[in-house]
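See structure below.
The values are calculated or read from the model by the stated rules, or taken from the named source; none is laboratory data. Predicted model only: the values in this text are computed from it and were never measured. Every residue, glycine as well, gets a Cβ built from its backbone with ideal geometry; the counts of neighbours run over all protein chains shown. These area figures cover heavy atoms from the full protein model, side chains too; ligands, DNA and RNA do not enter into them. Shrake-Rupley method; radii C 1.70, N 1.55, O 1.52, S 1.80 Å.
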Amino acid sequence: MSRTEQPGQPGRHGQSGTGRRRPPTIHDVAREAGVSRGTVSRVLNGGHNVSPAALDAVNSAIRKTGYTVNRHARSLITGRSDSVAFLLTEPQERFFEDPNFNVLLRGCTAALAAHDIPLLLMIAGTEAERRRNMRYIAGHVDGVLLVSSHSGDPVAARLHEAGVPLVACGKPLGQGSKVSYVAADDRDGARDMVRYLYESGRRRIGTVSGPLDTPGGVERLAGYREMLAECGLPADDALIAPGDYSRASGEAAATLLLERAPDLDAVFVASDLMAQGVLAALEKAGRRVPEDVAVGGFDDSPAALASRPELTTIRQPWDRISAEMVRVLLARIGGEEPAAVILPTELVRRDSA
């Protein structure tokens, strides 16, 4: 005689005795795949020590049954949240103004989605925001993607001291080898742009630097200075003006450069957004680009294509940067040692130089 299922008890294929469909469980997946519950659990936790045949069978069973992981229950067992924070240490308005942050956020979101891990955007431009975010991060996320750190900013050190895995975008100043990071080769990119301007016949090459409390600002200015020396051009502080990566700071810096060095014939700008401000200042001064003054940017962000003329610039490999940040962070969460990844940049020739 066949077995009769009792009312209220689940049936073989997820059907309860009351006729309601219950969510499939790990037991249903194991039964469908013909493997043990432990094998299914190992597949869900990364597939370690699972044969290829068993892995294929479990993944097929997951698709067939429609099983999804109960993240809350899993978190209680593993002590992990299965989520990651994208922590931007800049004022909120900078997130909306600077297109680089949006490009990086999209890339990290996509890379984490491949692992079914959600990304939380957190902004900490003030000390009060930093305190609130730090309280939340401890116990609520498995790791942090840290973006736009400044020297003297305590966030990286606090995360490290709290034992939170993190990866910085750019080398955190003063952190040594304690913090993993992924960066474009800022110094080499700056050297490439200055070399290109020199080989184009320019001899009075100024620069609008990034903030000198950020790794990108420091490295790009160092590359500018190194290449001027290699080209035999004299160092001249009148040709250097500081910016903060905003469009307004680029315009102000270019105005200052023109006052100091009216014979300026080229400007290397440490970001495309600042370069837009430089173009505005040159237009107001009646200088033609590139006929009178060549302009080279850095980033190859959407701002480069939106500029008139379109910017010759240094391309940062944003897709690779975001993918590597996620890869290194997941490795850190898994217990691996800190790592540093430096990626090459590329000169992109357009109309401004």
Query raised in the report: Hey, got a sec? Which trypsin sites (Lys or Arg not before Pro) in the range 214-311 land in a DSSP loop and have at most 10 other Cβ atoms within 10 Å?
Result: 288
Query raised in the report: Given the chain, what percent of its DSSP beta bridges are antiparallel, to the nearest 5?
Result: 15 percent
Report summary line: D (µm²/s, integer) via Stokes-Einstein for the range 102-195, Kirkwood Rh across alpha-carbon pairs, 10 °C, 1.306 mPa s: value 108 µm²/s
**Report entry** Contact order relative to length of the chain, as percent, for alpha carbon pairs under 8 angstrom and 6 or more apart
**Finding:** 14 percent
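Quote the relative contact order of the range 107-188 in percent (integer), defining contacts as alpha-carbon pairs under 8 Å separated by 6+ residues. Working shown, then result.
On the way: 79 pairs, mean separation 16.3, N = 82.
About 20 percent, as a whole number.
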Query raised in the report: In terms of modelled amide H atoms, which long-range or inter-chain residues lie less than 5 Å from the amide H of residue 50?
Result: none
Query raised in the report: Leaving out ligands, DNA and RNA, what percent of the accessible area of the chain is carbon and sulfur, probe 1.4 Å?
Result: 51 percent
Query raised in the report: Exactly which GluC sites (Glu not before Pro) in the range 209-311 are in a DSSP loop and have at most 12 other Cβ atoms within 10 Å?
Result: 291
Requested in this report: Give, as a single signed number, the net charge of other residues whose beta carbon lies under 13 Å from the beta carbon of residue 111, with Lys and Arg counted +1 and Asp and Glu -1.
Outcome: 0
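Quick test of the membrane-span-like rule: which DSSP H helices of the chain reach at least 15 Å along their long axis (C-alpha atoms) with mean Kyte hydropathy at least -0.5? Numbers along the way, then the final one.
Values: long enough: 52-65 (20 Å, 0.09); 99-113 (21 Å, 0.81); 127-140 (20 Å, -1.67); 186-199 (20 Å, -1.34); 215-230 (22 Å, -0.39); 247-260 (20 Å, 0.05); 272-284 (18 Å, 0.62); 318-333 (22 Å, 0.52).
Helices meeting the span and hydropathy rule in the chain are 52-65, 99-113, 215-230, 247-260, 272-284, 318-333.
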Query raised in the report: When the chain is treated as a GNM, springs tying every alpha-carbon pair under 10 Å, which of 198, 245, 181 comes out with the largest mean-square fluctuation?
Result: 198
Report summary line: Dividing the mean separation of Cα pairs under 8 Å (6+ apart) by the residue count of the range 214-353 yields a relative contact order in percent of 19 percent
Query raised in the report: Excluding same-chain residues fewer than 8 positions from residue 178, which aspartates and glutamates have a Cα within less than 17 Å of its Cα?
Result: 153, 161, 336, 337
Query - Accessible area expressed per residue, the range 166-282, with surrounding protein chains retained (probe 1.4 Å, Å²) - result: 35 Å²
